[in-house]
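Here's the structure we're looking at; comments come further down.
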Amino acid sequence: MSEKDLTFEATYLVNNIHCESCEESCKKALHEISDANIKNYDMKKNDSGEDVLIIESNISPYNLITKLQSIGKDAVLRGTSSSLKQTQDLGACVSILESISPSENISNLRENATATSIINSETVLGIRSIESIRGIIRAIEMNGSNKDPNSKNPLWIDAALTRLPDLNAVYNVNLHKFGNLQSYDTLGPIFKSIKVNLLNGGAFMSLNDERDHKENKAVSLIDLVGRGVSICDEKNETCYAIGLWARSSGLWGNSKKVCACSGKTVWEERKDALEAGIV
């Protein structure tokens, strides 16, 4: 099975949809993405009259939202699932990445203009400031053709990073044994490290390789929850950001319209995030 054959289901809220032509333009744009494998695509209105996209594909959330932005639309990820009919679906894992240096000068760092998320200082506990945020990284379980119920399904990471020295470079994504965010050292030993080649601040790649699966060392979603993650240079000499893996919403697990923390709607939060240039 090729990487193109691996897919997952996701739901998005989409705005600036005014007619059938708008819907068709979204569908056409996503089919134009290189190597896109779209198995199911459906855009419809929910009970509140909002436009919801339900899609099963191999397109990362970062690439999908960036593509819609390029045609004057925007979207917010609401949930993901592995496309497998499981009794209990963990959904996905997500980590908000933050600089470990409170006095870091961001003037020399590269901004990701299309960084995508609904993160802001009012809705994320423990964030020192908007300037400290370095991005978001998701772990998504993909749907393969593995029929062995005891084996682990492919796990991919979707990284959307900003405010790094170079947004087109190779970095280490390190998975740590502990989750103490006091500093890089308090995250504990690294139990897995992979190299991520960023393109304009984004990357979508497998967390496990073929050898991991053969040796039964593949990392699953449940292995990540509550543990730390760091973004470092290739030699792990400089750490740029750290975060904590947490469970995120499954396919229909997020119906929030107004945030209880700020009183803002999803799109108001979205506007704040885009104006701040954050992921």
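Figures for the structure shown
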{"item": "For the stretch 3-87, alpha-carbon Rg and Dmax in angstrom", "result": "12.4, 39"}
{"item": "The stretch 3-87: relative contact order as a whole-number percent, Cα under 8 Å and 6+ apart", "result": "45 percent"}
{"item": "Per-residue ³J(HN,Hα) for the stretch 168-183, Karplus 6.51 cos²θ - 1.76 cosθ + 1.60, θ = phi - 60°, Hz, x for Gly and Pro", "result": "10, 8, 9, 10, 8, 9, 9, 9, 10, 6, 10, x, 7, 8, 4, 6"}
{"item": "Burial ranking of peptide ranges 156-165, 233-242 (average Cβ count within 10 Å, highest at the top)", "result": "156-165, 233-242"}
{"item": "Sequence-distant residues sharing a close amide H with Ala92 (under 5 Å, placed H)", "result": "Ser248"}
{"item": "Table column - 3J(HN,Hα) (Hz), the stretch 195-204, Karplus curve with 6.51, -1.76, 1.60, x for Gly and Pro", "result": "8, 10, 9, 6, 10, 6, x, x, 7, 9"}
{"item": "In Hz, Karplus ³J(HN,Hα) per residue of the stretch 157-165 (6.51, -1.76, 1.60; θ = phi - 60°; x = Gly, Pro)", "result": "10, 10, 9, 10, 10, 8, 6, 10, x"}
{"item": "Pairs from Lys4/Lys27; Lys39/Lys235; Lys4/Lys192; Lys4/Lys28 whose Cα-Cα separation, in the structure shown, is over 30 Å", "result": "Lys39/Lys235"}
{"item": "Sorted by Cβ neighbour density within 10 Å, fewest at the top, the residues Ile137, Ile54", "result": "Ile54, Ile137"}
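Values in this text are rule-based calculations from the coordinates and carry no lab data. If you're wondering where the values come from, they're calculated on a predicted model, not measured in any experiment. Glycine also receives a Cβ, built like all others from the backbone with ideal geometry; neighbour counts cover every protein chain displayed.
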